[in-house]
Amino acid sequence: MGESNWAGNHTYGADAVTTPRTVDEVRAAVAAATRVKALGSRHCFNDIADSPGGLLLDLRTLDAGVEIGDGTVTVGGSARYGDFAQQLHEAGFALPNLASLPHITVAGSVATGTHGSGRRQPGLAAAVSGIELVTADGELRHFTRADAEFHGLVVGLGAFGVVTRLTLDVVPAFDVRQDVFDALPWEAADRHFDEIEDAGYSVSLFTNWVNDTIDQVWVKSRVDDFTERAGLFGAVPADGPRHPAHAAGIPADNCTPQQGVPGPWHERLPHFALAFTPSVGDELQSEYFVPYGSATAAIRAVREIGDLVAPLLLVSEIRAIAGDDLWLSPGHGGDRVALHFTWQPRQPEVEAVLPVLEERLAPFGARPHWGKLFHGVPDGYPHLADFRGLAERLDPRGKFRNPFLDRNVFGG
């Protein structure tokens, strides 16, 4: 077929790709297929969205509008967050959190447990209050939080069907400012981790694990809850815009405005602007979630192998996310800190390092991001058996199964 994911590190093994424009076309395609999966922005770094020998549904042209209600917004599953954020803002509303990239689709982000940051802000999936889903027989089904299976469906890994629409909770619109601090001492991060995470609405630490200090701290603050800071536990205000991979010589041209310039939530909460190539572009990614209370110990464990990790890195990010109750969400059961690795596009070398990294993080019950590169089979999910049972009820013939799900969820 020759088509690949966003990073170009995975070529899809499906026999064909079709581009449905309506929900009825999605239903017909699913009903007729033997094996089928949906594609969104293709911003996964593994084979989670592949359907070897089957059919892929590219949903980029799926016809779906935006409906803003009383405390909710309903969008097509293939909509990117950046596609409707401005419209939502103009109506006086906001999403409580956004990922680093506004370029990713709502359905794909939710299905893989993708998140933004903020010690009191859960991942993107926590905002979902309604799902429209095409199941294996082509039936269009609707689920809300009142349904018993809802908490299993949201972070669904594509195992239950094709998500065509999602309803998200919204909050009143707010403005944000973004301030960057350079050179945070590691000792200060260890001693004052809680206070640093509480320094703003959303806080990110960027490092390569081997420098004497943490390269940058990005503090995103609501303008209506901002406290002026001359520094941050030894870190000093940046003297200009920064890219997260600034230490690798990447300019800040594609980043959202910094240096305390206020702006709407959707133009500050992401790290990268919608109009530009996000992040570095030519990269691979991994990410691991550890319980919040284990964060500083896990950080020390990674630093101990910094000399192994750093030569393959573009940058690494540390950020906190509030917990949720979604069955296969990385945040299920309590607050987490995510250790994110943006790798150079050297997949064999990265895959050789991942077992060592995961061994170091295993004592902390680390969970990998479902859509990124990892080595071992994820565990530590108390509702995994419930998830399997739900998939067997909604997809009894395994139409939405694929090698990724067989390896990592169903034990095949």
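Things to note:
- The condition (being under 30 Å from Arg397 (Cα atoms), in contact (Cβ under 8 Å) with a residue 60 or more places away in the chain and of a type in the set (A, V, I, L, M, F, W, C)) is satisfied by just one residue among Ala49, Ala99, Ala94: Ala49.
- Ala247 vs. criteria in the same structural domain as Thr342 (by TED's automatic domain parsing) and in a helix (DSSP H, G or I): yes
- Considering residues of the stretch 282-314 that are in contact with an Asp or Glu (Cβ under 8 Å, 6 or more places away or on another chain) and crowded, with 21+ Cβ neighbours inside 10 Å only, the residue nearest to Leu98 (Cα to Cα): Tyr288
Results for (1) at pLDDT 95 or above; (2) aliphatic (A, V, I, L, M); (3) farther than 20 Å from Ser294 by Cβ, shown as yes or no for each residue.
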{"residue": "Leu326", "(1), (2), (3)": "yes, yes, yes"}
{"residue": "Ser329", "(1), (2), (3)": "yes, no, no"}
{"residue": "Gly334", "(1), (2), (3)": "yes, no, no"}
{"residue": "Val337", "(1), (2), (3)": "yes, yes, no"}
{"residue": "His340", "(1), (2), (3)": "yes, no, no"}
{"residue": "Glu359", "(1), (2), (3)": "yes, no, no"}
{"residue": "Ala362", "(1), (2), (3)": "yes, yes, no"}
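- Residue among Phe150, Phe160 that is within 23 Å of Leu39 (Cβ to Cβ), within 22 Å of the chain's Cα centre (by Cα) and among the aromatic types (Phe, Trp, Tyr): Phe160
- Test: residue in the stretch 351-361 that is β-branched (Val, Ile, Thr), buried (at least 18 other Cβ atoms within 10 Å of the Cβ), within 30 Å of Ser129 (Cβ to Cβ) and in the same structural domain as Trp218 (by TED's automatic domain parsing): no
- From the options Thr207, Thr227, Thr213, residue that is under 26 Å from Ala310 (Cβ atoms), surrounded by fewer than 20 Cβ atoms within 10 Å (Cβ to Cβ) and either over 23 Å from the mean Cα position of the chain (by Cα) or assigned by TED's automatic domain parsing to the domain that holds Gly293 (or both): Thr213
- As a summary of the residue check, Asp325 satisfies the conditions (1) assigned by TED's automatic domain parsing to the domain that holds Pro244; (2) over 17 Å from the mean Cα position of the chain (by Cα) except for the one numbered (2).
- Residues located in the stretch 45-59, provided they are assigned to a loop (DSSP other than H, G, I, E, B) and hydrophobic (A, V, I, L, M, F, W, C): Phe45, Ile48, Ala49, Leu59
- Candidate set: the stretch 247-286, residues that are within 28 Å of Phe374 (Cβ to Cβ) and among the charged types (D, E, K, R); chosen: the one modelled with the lowest pLDDT: Asp282
- For the stretch 144-169, a residue qualifies if it is surrounded by fewer than 18 Cβ atoms within 10 Å (Cβ to Cβ), modelled with pLDDT of 95 or more and not charged (D, E, K, R), and the qualifying residues are Thr144, Ala146, Phe150.
- Residues that are touching a residue at least 24 places away in the same chain (Cβ under 8 Å) and over 25 Å from Pro330 (Cβ atoms) number at least 1 in the following strands (runs of 3 or more DSSP E) confined to the stretch 108-213: 128-134, 140-144, 175-185.
- If the condition is being assigned to a helix (DSSP H, G or I), of a type in the set (Lys, Arg) and more than 19 Å from Leu326 (Cβ to Cβ), then the stretch 388-407 contributes only Arg407.
- Residue check for Val73: surrounded by 15 or more Cβ atoms within 10 Å (Cβ to Cβ), under 20 Å from Asp137 (Cα atoms) and of a type in the set (Val, Ile, Thr): no
The values are calculated or read from the model by the stated rules, or taken from the named source; none is laboratory data. Keep in mind that what you see is a predicted model, and the values were worked out from it rather than measured. Don't worry about glycine lacking a Cβ; one is built from the backbone with ideal geometry, like all the others, and counts go over all protein chains shown.
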